[in-house]
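**Q** Could you have a look at this structure, given as structure tokens, before my questions?
The values are calculated or read from the model by the stated rules, or taken from the named source; none is laboratory data. All of these numbers come straight from a predicted model, not from anything done at the bench. Note: ideal-geometry Cβ built from the backbone for every residue, glycine included; neighbour counts use all protein chains shown.
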Amino acid sequence: MRSKIVAGNWKMNKTLEEAKTLTSELIGMITDEVKGNVKVVLCTPFPYLHPVKQQVGNQARISVGAQNCSEHDWGAYTGETSAAMLKSMDIPYVIVGHSERRQYFGENGVLLAKKVDKVLAQGLTPIFCCGEPLEIREKGTHEQVVTDQVKKSLFHLSAEALQKVVIAYEPVWAIGTGKTATAQQAQEMHAVIRKHLSAKYGQTIANEITILYGGSVNAANAKELFANPDVDGGLVGGASLKSREFVEIIKAIG
């Protein structure tokens, strides 16, 4: 049975007090309203990881995640945070390769493979992002581009290691634009990713990999997106900053 996950990527938003308020609201709503086995991950800005982690405490359903990590373990890398540091703070999830990291910071498949390795080496779970920009979708080469991203950063892994990775498909043209891939488009791409995982690692392992959809997920479209057989949850951006809307998205996966 694949894990059902809804992760909120807060990106570079909220003051510390706002972050604490949002976390408090989410804890209360999730405790009162969310049923089933869905896991919730709050991917906060780095300065808020520890205070939010303290707030969440021993909530079984809610975890905290980082939005990035370094490809290095330690050293003179000013401003960077290593997977080892996150491990020492008991932060179980790390987003790797978000489209904004690829676009604004030039992260490529080779670099991201190193980051995935560092995260796994610390016993943490990478949420590996892949997805195509609008021009690639319009050219019709999106399947090739996305599968190449997956192959370059994940296909060096053993089958055992791959089973510890969560994949998030994010059509870049649908992030923060208000556009959303249709439920059919989301299912098609998730199925393509799973097909290529199966070709490399076998159907049994491919069927165990959690694949999330990320791209303007909101309370209105979440249920239709999550109803697809290969969509196992969401990586949610802007809507995760609003407690009521985020909880409605989480409830949609039930």
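**Q** So, in the stretch 157-181, exactly how many residues are loosely packed, with under 13 Cβ neighbours inside 10 Å, modelled with pLDDT under 95 and either within 21 Å of Val94 (Cβ to Cβ) or hydroxyl-bearing (Ser, Thr, Tyr) (or both)?
**A** 1
**Q** Further, regarding this structure: Can you tell me which residue within the stretch 1-53, out of those that are of a type in the set (A, V, I, L, M), surrounded by fewer than 15 Cβ atoms within 10 Å (Cβ to Cβ) and within 22 Å of Asp90 (Cα to Cα), is farthest from the chain's Cα centre (by Cα)?
**A** So the residue we want is Leu16.
Matching residues to (1) touching a Ser or Thr at 6+ places or on another chain (Cβ under 8 Å); (2) surrounded by 15 or more Cβ atoms within 10 Å (Cβ to Cβ):
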{"residue": "Asn58", "(1), (2)": "no, no"}
{"residue": "Gly75", "(1), (2)": "no, no"}
{"residue": "Lys87", "(1), (2)": "no, yes"}
{"residue": "Ser99", "(1), (2)": "no, yes"}
{"residue": "Leu112", "(1), (2)": "yes, yes"}
{"residue": "Val116", "(1), (2)": "yes, yes"}
{"residue": "Thr125", "(1), (2)": "no, yes"}
{"residue": "Gly131", "(1), (2)": "yes, yes"}
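**Q** Can you pull out the residues in the stretch 155-172 that are assigned to a helix (DSSP H, G or I) and either touching a Leu at 6+ places or on another chain (Cβ under 7 Å) or hydrophobic (A, V, I, L, M, F, W, C) (or both)?
**A** Within the stretch 155-172, Ala159, Ala161, Leu162, Val172 meet the criteria.
**Q** Would you tally the residues in the stretch 215-235 being within 13 Å of the chain's Cα centre (by Cα), part of a loop (DSSP other than H, G, I, E, B) and among the hydrophobic types (A, V, I, L, M, F, W, C)?
**A** 2
**Q** Here's something else I'd like to know. In contact (Cβ under 8 Å) with a residue 12 or more places away in the chain, touching a strand residue (DSSP E or B) at 6+ places or on another chain (Cβ under 8 Å) and of a type in the set (A, V, I, L, M, F, W, C), is that true of Val146?
**A** Here the answer is yes, as Val146 does meet what is asked.
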